[in-house]
Amino acid sequence: MKNAKRADLHLIGASTGDALTGPVEDYLKAIYALGRGTGAVATNDIAQRLLIAPASVSGMVRRLADQGLLSYERYRGVKLTERGRRAALRTLRRHRIIESYLSKALSYPWDRVHVEAERLEHAASDELVDRMASAIGEPNVDPHGAPIPSREGLVDETEYFPLAELGAGLGVRVVRVSDEDPEMLRYLAELEITPGAELLIVSKAPFSGPITIRIGATLQSIGPSLAAQVLVEPIIDLEAPTH
């Protein structure tokens, strides 16, 4: 099995040159996430992610298209333009650096940094964010394993495998976890399923049953819906326990 799906490094501008409002940045960031950077996104999916009425999304999409931040074709969805993509990645850099700074410099727990970063990402200047990054050693990923666009404009867009998709007997390393549910993050921390953790998939029950994993000498069972939120890369130096 390959270690991960294709890895891409994309060059982005340090700034769009425009001051965008918080709601506009939220739209661009949502479209980027849903489209995995360059794919088309349905307006209904944007509405669901942002918890906004579809009619409101349609109106904003037209305005953003008029500003050259995205392109839209009826029945084909929305795509970010290069300018819109740069703006989305600039916001993601601010968000993920703020998360990292809160975690490393201020000892915020990883289940609280996302909400704080959502509040601060629109207000922080690029200079402040760069100083935060420098103060904590220029991290490449945030506390949940998400890649941070660099100051120079590179972002690693490697796509990893959800734990739920892989078979029994495989050793894997946790790369990234979803950051939007604080309760889930606290539970994953209790199980020691955090970025960098190495685990073995011991068994998978049929019909969407539990997945049994081994972390060190400890066996844990988790549901497939939780396992779907954990992205991993296969490794070959973990073996099933002998009896």
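Observations, loosely collected:
- For the range 142-213, the list of chymotrypsin sites (Phe, Trp or Tyr not before Pro) that fall in a loop by DSSP and count at most 13 other C-beta atoms within 10 angstrom reads PHE207.
- In the range 114-212, GluC sites (Glu not before Pro) in a DSSP loop with at most 13 other beta-carbon atoms within 10 Å: GLU152, GLU159, GLU180, GLU192
- Positive-end extreme of charge dipole, the range 73-205 - chosen from ALA124, VAL175, SER107 (charges on Cβ): ALA124
- Sequence-distant residues sharing a close amide H with ILE235 (under 5 Å, placed H): GLY171, VAL172, ARG173
- Whole-angstrom gap from the range 125-199 to the range 40-54, using each part's C-alpha centre: 25 Å
- Among the lysines of the chain, pairs that are 8 or more positions apart or on different chains and have alpha carbons within less than 23 Å of each other number 5.
- Membrane-span-like helices of the chain, defined as complete DSSP H segments with a Cα extent of 27 Å or more along the helix axis and a mean Kyte hydropathy of at least -1.0, are absent.
- Residues whose amide H comes within less than 5 Å of that of THR81, counting only those at least five positions distant or on another chain, are LEU70, SER71 (H built at 1.01 Å from N in the peptide plane).
- Shape category assigned to the range 37-106 from the gyration tensor of Cα positions, a/c cut at 1.5: prolate
- The H on the amide N of VAL141, modeled in the peptide plane, is under 5 Å from the matching H of ILE148, each at least 5 residues off or on a different chain.
- Of the two radii for the range 161-235, the radius of gyration is 0.92 times the Kirkwood radius, both from the alpha carbons; that is the Rg over Rh value.
- Phi to ³J(HN,Hα) by Karplus 6.51 cos²θ - 1.76 cosθ + 1.60 over the range 158-172, Hz, x for Gly, Pro: 4, 9, 9, 8, x, 3, 5, 8, 9, x, 5, x, 9, x, 9
Throughout, read-outs are computed from the coordinates displayed, never taken from laboratory work. Small disclaimer: the values here were computed from a predicted structure and weren't measured. Virtual Cβ from ideal backbone geometry, glycine too; neighbours counted across all protein chains shown.
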